[in-house]
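Only one structure is covered here, and it is reproduced in the block below.
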Amino acid sequence: MLKKILVVDDSALIRQMYRLIMGRYRCELVDAMNGQEALDALVVHNDIQLILLDINMPVMNGVQFLEKASALGIPKKIPVLIITTEGKEQDTIRGLRLGATGYLKKPFEPAELHDVIDKLFPAPVAGPEAAPYAALGVG
């Protein structure tokens with residue numbers, strides 16, 4: 001179950017949009033306005049399960065973040081989705097080479113993001129081991 005997502009985007013409006021879109025997961029969102037804040041957040045929040053990353057940001061952009069995060073092995077532990085309006089295809093390709101799991105281009109439909117997340121974090125299948133009292137109508 002998805003519990004905590006790091007949203008890295010310098011736009012307050014976009015971060016608020018993510019709060020609305022991600023409401024169905026009932027998870028906590030941690031905000032960062034640039035790559036440096038994202039690295040700092042990863043130190044404080046060691047339970048981040050997913051990173052939604054913009055490319056074009058001040059201080060430290062998304063590619064620079066991925067360079068530093070890759071050196072720390074973060075993309076191997078935490079899926080990183082690049083979500084950007086950035087028109088430079090080479091930045092997206094470089095991000096994928098640095099370990100990003102995938103990318104979406106803004107603007108996108110909420111269902112597109114949900115589909116990607118649902119593939120990364122499939123809902124557990126209810127079975128006897130998941131709910132031992134299900135046959136009794138309990139659990």
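What the table shows:
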item: Qualifying residue in segment 14-37 (condition: touching a strand residue (DSSP E or B) at 6+ places or on another chain (Cβ under 8 Å), among the charged types (D, E, K, R) and under 19 Å from residue 89 (Cα atoms)); result: no
item: Condition broken by residue 60, with the remaining ones in (1) touching a Gly at 6+ places or on another chain (Cβ under 9 Å); (2) more than 22 Å from residue 4 (Cβ to Cβ) satisfied; result: (2)
item: Lone qualifier among 3, 88 - being at pLDDT below 95, exposed (fewer than 15 other Cβ atoms within 10 Å of the Cβ), of a type outside the set (A, V, I, L, M, F, W, C) and under 21 Å from residue 117 (Cα atoms); result: 3
item: Wholly enclosed helices (runs of 4 or more DSSP H) of segment 59-102 bearing at least 1 residues free of Cβ contacts under 8 Å to residues at least 12 places away in the same chain, within 20 Å of residue 121 (Cβ to Cβ) and out of contact with any Phe, Trp or Tyr (no Cβ under 9 Å at 6 or more places or on another chain); result: 74-77
item: Residue ID - modelled with the lowest pLDDT, chosen from residues in segment 91-107 that are surrounded by 14 or more Cβ atoms within 10 Å (Cβ to Cβ) and among the hydrophobic types (A, V, I, L, M, F, W, C); result: 96
item: Residue selected from segment 12-58 under the condition part of a loop (DSSP other than H, G, I, E, B) and among the aliphatic types (A, V, I, L, M), by the criterion surrounded by the most Cβ atoms within 10 Å (Cβ to Cβ); result: 55
item: Verdict on residue 133 being modelled with pLDDT under 95, among the aromatic types (Phe, Trp, Tyr) and in contact with a Ser or Thr (Cβ under 6 Å, 6 or more places away or on another chain); result: no
item: Restricting segment 23-32 to residues that are touching a residue at least 24 places away in the same chain (Cβ under 8 Å) and not hydroxyl-bearing (Ser, Thr, Tyr), the residue that is nearest to residue 2 (Cα to Cα); result: 27
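The values are calculated or read from the model by the stated rules, or taken from the named source; none is laboratory data. This structure is a prediction, so every number in the text was calculated from the model and none was measured. With ideal geometry, Cβ positions are generated from the backbone for all residues, glycine too; neighbour counts draw on all protein chains shown.
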